[in-house]
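The values are calculated or read from the model by the stated rules, or taken from the named source; none is laboratory data. The structure presented is a predicted model; accordingly, all values stated were derived computationally and were not measured. Positions of Cβ are generated from backbone atoms using ideal geometry, with glycine treated the same way; all protein chains shown enter the neighbour counts.
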Amino acid sequence: MEKIITFGGGCFWCIEAVFQRLEGVLLAESGYINGHIKNPTYKQVCSGTTGHNEVVQVTYDSEKISLEELLEVFWTVHNPTTLNQQGADRGTQYRSGIYFQDALEESIIQQSLKNVGQALWDDPIVTEVKKAEVFYPAEQYHKDYYNRNDYAGYCQVVINPKLGKLRQKFSHKIKAEYSEGERKFQ
């Protein structure tokens, strides 16, 4: 069954690269969510004044990968204990967040936060858990960013370590086309 969950974990290029590699993920689309203006641009969101979060909307086949598994990946590949920042990316648009569709998803998220997230991190988790509002896809040049620019400095320094964590802990969940032949991750 096709389902949607939306994750914010810093720059959407990072989260997109991670989730698009997972078996069962049909689409990982960068965009913006839960702000107060319609059709925001990247420049507007980066100003920190729109209330939006840079996110990746993940469309997945729940018969191939569960929400619980997606959440475990989420808790592992980013730092959910830093408020409004991931590494050098700072501002409310880079906050850790999970945006759900219904009460059942919210319950699963809260249970995962309690059982998995808190087991992985010593500091308190500051991840925003809210009902998904309108999702606005990011501009075309953001889509599939890592796969088109994997040699860029940002990709090498920031995204590769996240992909390394994915490989280290979830290699059994990586799609075949990504499991062989990719550059080695740090």
Going through region 58-69 in order, the residues found to be touching a residue at least 12 places away in the same chain (Cβ under 8 Å) and surrounded by fewer than 24 Cβ atoms within 10 Å (Cβ to Cβ) are T59, D61, S62, E63, K64, I65, L67, E68, E69
Within region 137-155, can you find the residues that are under 22 Å from G51 (Cα atoms) and within 15 Å of the chain's Cα centre (by Cα)? P137, A138, H142, K143
Take the residues of region 1-24 that are over 20 Å from N149 (Cβ atoms) and over 10 Å from the mean Cα position of the chain (by Cα): which is surrounded by the fewest Cβ atoms within 10 Å (Cβ to Cβ)? M1
Could you go through region 98-105 and let me know if any residue there is outside any helix (DSSP H, G or I), at pLDDT 95 or above and exposed (fewer than 15 other Cβ atoms within 10 Å of the Cβ). yes
Which number in (1) crowded, with 23+ Cβ neighbours inside 10 Å; (2) in contact with a Leu (Cβ under 8 Å, 6 or more places away or on another chain) marks the one condition that T76 misses? (1)
What about K64, is it assigned to a loop (DSSP other than H, G, I, E, B) and charged (D, E, K, R)? yes
Have a look at N34, N53, N39 and point out the one that is at positive phi and crowded, with 21+ Cβ neighbours inside 10 Å. N34
